[in-house]
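Okay, structure first, notes after.
Computed from the coordinates by the stated procedures, all read-outs in this text should not be read as laboratory data. What you see is a predicted model; the values in this text were computed from it and never measured. Cβ: placed from backbone, ideal geometry, glycine included. Neighbour counts: every protein chain shown.
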Amino acid sequence: MKKLLLLGGSAQQVIAIETAKKLGYFTVLCDFLPDNPGQYHADKFYLVSTTDLEAVLKVAKDEKVDGVLAYASDPAAPTAAYVAEKLGLPGSPYRSVDILCNKDKFRAFLSENGFCTPKARGYDDTASAEADLRNGVFDFPAIVKPVDSSGSKGVGRIDSVGEISEKLEYAMSFSRGRKIIVEEFVEKYGYQIAGDGLSIDGRLVFRCFANDHFDPKCENPFVPVSASFPYNMPAEVQQKIHDEIQRLLTLLNMGTTTYNFDMRIDKDYNVYLMEVAPRDGGNYIPDIIRYCTGVDLVECSVKAAMGESLDNVKMTPYDSFYAYYAVHSYSNGILRSIDIDEKVKSTIVEDHIIVKAGDRISTFTGANTTLGILLMRFESMEQMLYMMDNSEKWISVKVE
């Protein structure tokens, strides 16, 4: 039986373990959390950090694995690429994956290669970043992010001099490598673009774009609360986005890999590749895409990691309307109830709420503070966009 090493055993990563087992592979899991749920699904578990390159490489050698996969994990993606490269396993170049997973390196690469990208600079201390902001290197508003976090954790918008110190320190607190990036704010046209894709030998053969939705009432208003499919822009705009992604993948010599996208266009349809992460999206985005298109990107991820053929994956139009919705709280406290309008319940196709009444919950500041995910189906684009933009009209989280 061939072996697959999986990096990360959170609740949302269990699906990759189960998919690998369904495909007939022996599953080996690494995770640094002793209470991760994935360990109860994998065939073998190691209490090892997924960002410790040499420790994970040792596990891979000891287990003689045939593939390695960091499903839906930005921090672990470079580790998977490193191990695969060292052992000659399927994957994309470690250097390329490292560029895609570190925001400062990614911005520099985009700039060097003529992509539309905001002016940006990386810092390993907040004092230097603060000096640049105070001295006019960046105009306000400016965006600050940890270079190596995922799920929008630590992202902040700086609108004035008085906010500089607090926002920089907040972003730095979420960086594993103690490094942040400051960049100019890009005004978007229409919705920010989300979605996932798949390249085979570096060619983008499949992509499914979505509309990102945000809740301005959240403590961190830069964390998406929903992605709705399909993206509501014309085909020619979507093709332009596709072509820019393809140019990036070609320059990076990417292999057979799944991706999670975060992009913007401006009023002139210039494409800004904010993030092209070499892994599947979280928040059950691959499940939504499977409902829409029939393409199972979780299975694609596993097969790609094991070097199996994916020649049957095709991109075809679809006429259904699906979205995920991240249930979230505006405040800390004890959860009293999550109330959903009865008329809306028929739109819910999967309920992945992970909290119950009496649990202590936190205000929504990143993907790690989500109370759960709802997968929903709609009758029209108009209904879908309205409900995702106005969720307070049909769902309420009550906290004591």
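The alpha carbon convex hull volume per residue for the stretch 119-184 rounds to 66 Å³.
Rounded to the nearest 20, the size of the Cβ-charge dipole of the chain about its Cα centre is 680 debye, with Lys and Arg at +1 and Asp and Glu at -1. The mean sequence separation of alpha-carbon pairs under 8 Å and at least six residues apart, normalised by the residue count of the stretch 231-281, gives a relative contact order of 33 percent.
Normalised by 2.2 N^0.38 Å, with N the number of residues, the alpha-carbon radius of gyration of the stretch 340-390 equals 1.32. For K22 and D125, what is the calculated FRET efficiency with R₀ set at 35 Å and r taken between the beta-carbons, to the nearest 0.05? With R0 = 35 Å, the Cβ-Cβ based efficiency is 0.15. Quick check: from the Cα gyration tensor, does the chain come out rounded (a/c under 1.5), prolate or oblate? It is rounded, given that a/c, with a ≥ b ≥ c, falls under 1.5. Pairs over the 18 Å Cα-Cα cut-off, from the set K22/K314; K103/K145; K21/K86; K103/K153: K22/K314; K21/K86.
Its relative contact order, with pairs defined as Cα atoms under 8 Å and 6+ residues apart, puts the stretch 310-400 at 44 percent.
Note on K44 and K267: the model spin-label points, each 7 Å out from Cα along the C-beta direction, lie 6.0 nm apart. Based on Cα contacts under 8 Å between residues 6+ apart, the chain shows a relative contact order of 14 percent.
Of the trypsin sites (Lys or Arg not before Pro) found in the stretch 264-337, those in coil by DSSP whose Cβ has at most 10 other Cβ atoms within 10 Å are K267, K314. Once the C-beta distance of E166 and S111 is scaled by a Förster radius of 25 Å, the resulting FRET efficiency is 0.35 to the nearest 0.05. Counting only DSSP beta bridges with both residues in the chain, the antiparallel share comes to about 80 percent. Between V399 and D243, the modelled label-to-label distance comes to 4.6 nm, taking each label 7 Å out from Cα in the direction of the beta carbon. Once you reduce the stretch 115-156 and the stretch 301-351 to the center of their Cα atoms, the two points are 31 Å from each other. Looking at the stretch 109-191, the GluC sites (Glu not before Pro) that sit in a DSSP loop and have at most 16 other Cβ atoms within 10 Å of their own Cβ are E187.
The magnitude of the dipole of the stretch 293-400, with charges of +1 and -1 set on the Cβ of Lys/Arg and Asp/Glu and taken from the Cα centre, is near 340 debye.
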